1. Does residue 129 satisfy being out of contact with any strand residue (DSSP E or B) (no Cβ under 8 Å at 6 or more places or on another chain) and not assigned by TED's automatic domain parsing to the domain that holds residue 14?
2. Regarding residue 31, is this residue surrounded by fewer than 15 Cβ atoms within 10 Å (Cβ to Cβ) and either touching a residue at least 60 places away in the same chain (Cβ under 8 Å) or within 16 Å of residue 135 (Cα to Cα) (or both)?
3. Sort out which residues of the range 12-47 are assigned to a helix (DSSP H, G or I) and within 15 Å of the chain's Cα centre (by Cα), and write them in order of number.
4. Mind listing whichever residues of the range 62-96 are over 15 Å from the mean Cα position of the chain (by Cα) and free of Cβ contacts under 8 Å to residues at least 12 places away in the same chain?
5. Quick test for you: out of 45, 99, pick the one residue that is in contact (Cβ under 8 Å) with a residue 12 or more places away in the chain and farther than 14 Å from residue 132 by Cα.
């Protein structure tokens, strides 16, 4: 996968499949899409840009769903295929459940649709594990309120 600097924040961003971009843009944004462009996903938390190419960019308002990397709220979706939010992951962890293993089993059974549902266009397990690791560290008194979004 190639990377390109985001035109807004300058951070490097990975390429994302066109099918991901098309499935997650609003109707108005989709009508402006240049489908022959190569698109990239900006995961920088403070940046409004979600998708961009050399010719155009799409912001948070152009996307149908909130973007995990850009939404620090506890209600932010982490796993778009199976509807796991930050707060649901943490609650499951505190109950002794292993939501990451549950999600991994769904992935293994080919039930996921990450390329169509997740704005980053790839599997969420890295993000899920990051949220769970942060929650474990917090419960052990190891971390403050710093950002724990994973940049994919």
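The values are calculated or read from the model by the stated rules, or taken from the named source; none is laboratory data. All of these numbers come straight from a predicted model, not from anything done at the bench. With ideal geometry, Cβ positions are generated from the backbone for all residues, glycine too; neighbour counts draw on all protein chains shown.
1. Taking the combined requirement at face value, the residue satisfies it.
2. No, not satisfied.
3. Scanning the range 12-47 gives 20, 21, 23, 24.
4. Scanning the range 62-96 gives 88, 91, 92, 95, 96.
5. From the options 45, 99, the qualifying one is 45.
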